[in-house]
Amino acid sequence: MSDGLRARLTALLEPGERVILGITGCPGSGKSTLAEWVLRQAGAQTQVAWVPMDGYHLADSELDRLGLRGSKGAIDTFDAYGYLATLRRIRSERANIVYAPEFDREIEQPIAGGMAVTPADRLIVTEGNYLLDASPPWPDVRAELDEVWYCEVSDELRRERLVARHVRFGKTPDQARRWVDEVDEANAGRIVASRDRADLIVPTDTFDLLPSDPWRPGS
Ligand SMILES: Nc1ncnc2c1ncn2[C@@H]1O[C@H](COP(=O)(O)OP(=O)(O)O)[C@@H](O)[C@H]1O
Ligand SMILES: [Mg+2]
């Protein structure tokens, strides 16, 4: 499987232009893990950057104002047009750095200027839940992406991984299971419905993409 992915990635990079690869799938499906693998693979031969959609989570203060704090992660809790504008800037602004916000999992809020795309970066990997959604402006987001890969894993394994991640970031197992049932799973149906628009389906339970040491920009 990973040989097939490697070949796909090589073909994507061959034309020599800047490439923006989208990775999508349900919460816990392995998007960030696949993104890290792609960045590590491609990073050995070209300059790469990572711009996750996570950075476009609205701040808690704005979610409170909108009454959406309890549904963080739903499609209307993101600055979708801001994300689109950044993707367009990554396409059109080749002489300067384009900064994107970073999502801090400890505080579960975005921080401005956390992710940098420098002029030399040739592969930009972006990752998020709604890249293939049919509602505006997501089709315009899709139009900025060269390919979109969809991570697929059994619901059971995906839920296990999600609960474990929430516990790692400070929730009790009970709180984690409740959050997964009430918040994460509410969004999964919508994401699954976008699956058929993907260019490639990547099974993330049948092979181990986890690197032995985490990839970091510049490493
Ligand atoms: N291919 C894989 N093999 C083993 N574990 C994985 C794999 N992909 C993801 N995981 C595990 O599942 C959890 C969720 O993966 P992550 O990449 O964070 O998902 P997403 O970004 O889609 O929410 C992570 O904690 C990771 O350790
Ligand atoms: Mg992720």
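Just so it is clear, none of the values below were taken in a lab; they were calculated from the coordinates. Source: prediction; values computed, not measured. Glycine gets a Cβ as well: all are built from the backbone with ideal geometry, and neighbour counts include every protein chain shown.
How high is the relative contact order of the chain, in percent, counting Cα pairs under 8 Å that sit 6 or more residues apart?
Details: 350 pairs, mean separation 70.7, N = 219.
RCO, the chain: 32 percent.
Report the extension gain between T46 and Y81 in nm, rounded to one decimal, defined as 0.36 nm multiplied by the number of residues separating them, less their alpha carbon distance. Let's see the in-between values first.
Values: separation 35, 0.36 × 35 = 12.60 nm, distance 2.90 nm.
Extending this stretch completely gives an extra 9.7 nm.
Rounded, prolate or oblate: pick one for the stretch 48-113, where a ≥ b ≥ c are the square roots of the eigenvalues of its C-alpha gyration tensor, a/c under 1.5 means rounded, and failing that, prolate if a/b is larger than b/c, else oblate. Let's see the in-between values first.
Values: a/c = 2.73, a/b = 1.95, b/c = 1.40.
Prolate is the answer for the stretch 48-113, as a/c is 1.5 or above and a/b outweighs b/c.
Taking N as the number of residues in the stretch 2-203, what is its Cα Rg relative to 2.2 N^0.38 Å?
On the way: Rg = 16.5 Å, N = 202, 2.2 N^0.38 = 16.5 Å.
Rg over 2.2 N^0.38 Å, computed on Cα atoms: 1.00.
Of the DSSP beta bridges with both residues in the chain, give the percent that are antiparallel, rounding to the nearest 5.
On the way: 7 of 23 bridges.
So the antiparallel bridges in the chain amount to around 30 percent.
How far apart, in nm, are the 7 Å Cα→Cβ label points at D3 and A143?
Between D3 and A143, the simple spin-label model gives 4.0 nm.
What ranking do 93-101, 146-154 get when scored by the average of other Cβ atoms within 10 Å per residue, highest first?
In decreasing order of mean packing, 93-101, 146-154 become 146-154, 93-101.
How high is the FRET efficiency from T206 to L12, r the C-beta distance, R0 22 Å, rounded to 0.05?
On the way: r = 22 Å, r/R0 = 0.99.
With R0 = 22 Å, the Cβ-Cβ based efficiency is 0.50.
Fully extended, how many nm does the chain gain between A74 and T172 (0.36 nm per residue separation, minus their Cα-Cα distance)? If you can, show how the numbers build up before the last one.
On the way: separation 98, 0.36 × 98 = 35.28 nm, distance 2.22 nm.
Answer, rounded to one decimal: 33.1 nm.
In whole Å, what is the distance between the alpha-carbon centres of the stretch 138-165 and the stretch 1-75?
9 Å
Evaluate the distance, in nm, between pseudo-label points positioned 7 Å from the Cα of I111 and of S135 along their respective Cα→Cβ axes.
The answer from the label model is 3.1 nm.
Per residue of the chain, what 222 nm ellipticity follows from adding -39500 (n - 2.57) for every DSSP H run with n ≥ 4, rounded to the nearest 500? Before the final figure, lay out each step's value.
Numbers: 8 runs with 80 residues, N = 219.
The helix contribution divided over the chain gives -10500 deg cm²/dmol.
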